[in-house]
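Visitor: Structure provided below as structure tokens; questions to follow.
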């Protein structure tokens with residue numbers, strides 16, 4: 001079975017959107033620009049490592065950053 005670049009691009013876009021990421025989010029995770037993500041989603045095929053990382057981030061979202069308020073002051077500065 002032969003998979004076209006168009007099919008690969010559509011699958012990458014579908015997985016990114018299903019994970020709830022913007023192109024900017026994905027670019028940050030992969031260490032590329034948003035323009036590069038756009039190119040991948042329009043037919044340019046990423047290298048194998050980038051492709052695997054893309055799929056990994058879509059299946060394993062980074063832990064959201066959060067602040068822990070230990071003193072109960074609602075982030076008030078002294």
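The values are calculated or read from the model by the stated rules, or taken from the named source; none is laboratory data. Since this is a predicted model, take the numbers as computed values, not measurements. Cβ coordinates were reconstructed from backbone atoms using ideal geometry, including for glycine residues, and neighbour counts include every protein chain displayed.
Visitor: Could you list, in sequence order, the residues of the range 29-50 that are part of a helix (DSSP H, G or I), surrounded by 10 or more Cβ atoms within 10 Å (Cβ to Cβ) and at pLDDT below 95?
Guide: Matches in the range 29-50: 29, 30, 50.
Visitor: Tell me which residues, restricted to the range 15-28, are assigned to a helix (DSSP H, G or I), surrounded by 12 or more Cβ atoms within 10 Å (Cβ to Cβ) and within 8 Å of the chain's Cα centre (by Cα).
Guide: 16, 23, 25, 26, 27, 28
Visitor: Please indicate, with yes or no, whether at least one residue in the range 2-14 is loosely packed, with under 10 Cβ neighbours inside 10 Å, in a loop (DSSP other than H, G, I, E, B) and at pLDDT below 90.
Guide: yes
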